[in-house]
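A quick write-up on the structure given underneath.
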Amino acid sequence: MAVPKHIVDRIREAKKQQLKYLNLNSAFLDYNYDDDKLTEILTVIFNLSQLEVLDLSNNNLKTVPKNIGTLTKLSNLHLTGNNLKTVPKTIGILIKLSHLHLTNNQLKTVPETIGNLTNLSHLYLSNNQLKTLPESIGNLTKLNHLHLSSNQLKTVPESIGNLIKLSHLYLSNNQLSIVPET
C-alpha cells in the first residue's frame, strides 16, 4: 500500500514550520503501510529537528530506528502500546528527555545508555518482559516517577538508591525477592 502523498507532504511542511509537537497516537502506522513506507514516514519525522514531543503510541511498531537520536530537542517521547522488543542505544543521545513512556511493549532489556538521560523525571517501563535493569539507571538523579510493574524483575540494581528525588516507585507484579535497602 502506498503512503498517501499528502501525509508525507504534511510532515515535510511541518519541518519548514519547525513543528514542536507531533501526535501520531493510534495512527496504525504499521497496519496501513508496508515496512518500506513506514521507514519513509519515520525518516521524515526524524528530520523534524525542532520536535519536542513525539507520540507514536499504540501503533504496533516493532522497532525504533537508530536515528531517533537525531531528535535532540525531544523532551517527551511516547512509545507506549507498541510491540517493541528493544530500544536502540542511541536513545541515550536524547539528553533533554524528561518523560519517556515505554509501557505495554515486549522489552526484554533497556540499554545501558539510558543512564545518559539525566534530565529524565518520569520513566514508564511497566508491562514489558524486563528481567534486569542496567546499573546506569542510578544516574537518573532527577527521576521522580519510575514505573516497573508487571515485568519479570528478580532484582533491581543497587544504584537505584542514588535516585534521591524518586517519590513514586512501582514494582508490583514482578518476581522480586529482595530490594536494596538504600
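FYI, it's all coordinate maths here, none of it is from the lab. Nothing here was measured: the structure is a model prediction, and the numbers come from that model. Quick reminder, even Gly has a Cβ in these numbers, built from the backbone with ideal geometry, and neighbours come from all protein chains shown.
Can you give the net charge of the other residues whose Cβ lies under 13 Å from the Cβ of L107, counting K and R as +1 and D and E as -1?
On the way: positive: K62, K85, K108, K131; negative: none.
Residues close to L107 contribute a combined charge of +4.
With Cβ to Cβ distances under 14 Å as the rule, what net charge do the other residues near I93 carry (K, R +1; D, E -1)?
Numbers: positive: K66, K73, K89, K96; negative: E112.
Once all neighbours under 14 Å are counted, the net charge is +3.
Once you list every other residue whose beta carbon is under 11 Å from the beta carbon of I137, what net charge do they have if Lys and Arg are +1 and Asp and Glu are -1? Mind dumping the intermediate values first?
Working: positive: none; negative: E112, E135, E158.
Around I137, the surrounding residues sum to -3.
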